[in-house]
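Only one structure is covered here, and it is reproduced in the block below.
The values are calculated or read from the model by the stated rules, or taken from the named source; none is laboratory data. The structure displayed is predicted, hence computed values, not measured ones. Glycine gets a Cβ as well: all are built from the backbone with ideal geometry, and neighbour counts include every protein chain shown.
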């Protein structure tokens, strides 16, 4: 009987560990970047993402949904509640335009070569 109880306890522990491992990790500060005053935003052809050069780092900022107004306005700003000067993925940050709030799904790091190539392709 003790062996059966011990095996049941072991099985439950393994199952709980597997379920916990399957859950996505919560967003951490590591998932955010500090925004610099030295920025370049490539918004031509923007709908699902924009290109961001932040000082010497390069990113693709992916939106949760369409953000068509990003390509049409020059008034853009990133907003991250309780984290001024930060840009975070996972729905924490958003890009605000005059007519739309675009939720940031992911901030993907890319190389300067990828940035340059993608920026040229959007012209």
Residue match in the stretch 62-73 (condition: closer than 18 Å to residue 32 by Cβ, assigned to a loop (DSSP other than H, G, I, E, B), in contact with a strand residue (DSSP E or B) (Cβ under 6 Å, 6 or more places away or on another chain) and touching a residue at least 40 places away in the same chain (Cβ under 8 Å)) | yes
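Inside the stretch 99-113, can you point out the residues that are under 19 Å from residue 80 (Cα atoms) and part of a strand (DSSP E or B)?
Those that are under 19 Å from residue 80 (Cα atoms) and part of a strand (DSSP E or B): 101, 102, 103, 104, 105, 106, 107, 108, 109.
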Taking the stretch 97-109 as the region of interest, how many residues are crowded, with 17+ Cβ neighbours inside 10 Å and more than 10 Å from residue 61 (Cα to Cα)?
-> 3
Just one of (1) at pLDDT below 95; (2) farther than 19 Å from residue 47 by Cβ; (3) in contact with a helix residue (DSSP H, G or I) (Cβ under 9 Å, 6 or more places away or on another chain) trips up residue 82, so point out which.
-> (3)
Options 100, 57, 40, 86: the member that is in contact with a strand residue (DSSP E or B) (Cβ under 6 Å, 6 or more places away or on another chain) and in contact (Cβ under 8 Å) with a residue 24 or more places away in the chain = 86
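Per-residue answers, yes or no, for (1) surrounded by 16 or more Cβ atoms within 10 Å (Cβ to Cβ); (2) at pLDDT below 95; (3) in a strand (DSSP E or B); (4) touching a strand residue (DSSP E or B) at 6+ places or on another chain (Cβ under 8 Å):
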{"position": "5", "(1), (2), (3), (4)": "no, yes, no, no"}
{"position": "44", "(1), (2), (3), (4)": "no, yes, no, no"}
{"position": "51", "(1), (2), (3), (4)": "yes, no, yes, yes"}
{"position": "92", "(1), (2), (3), (4)": "yes, no, no, yes"}
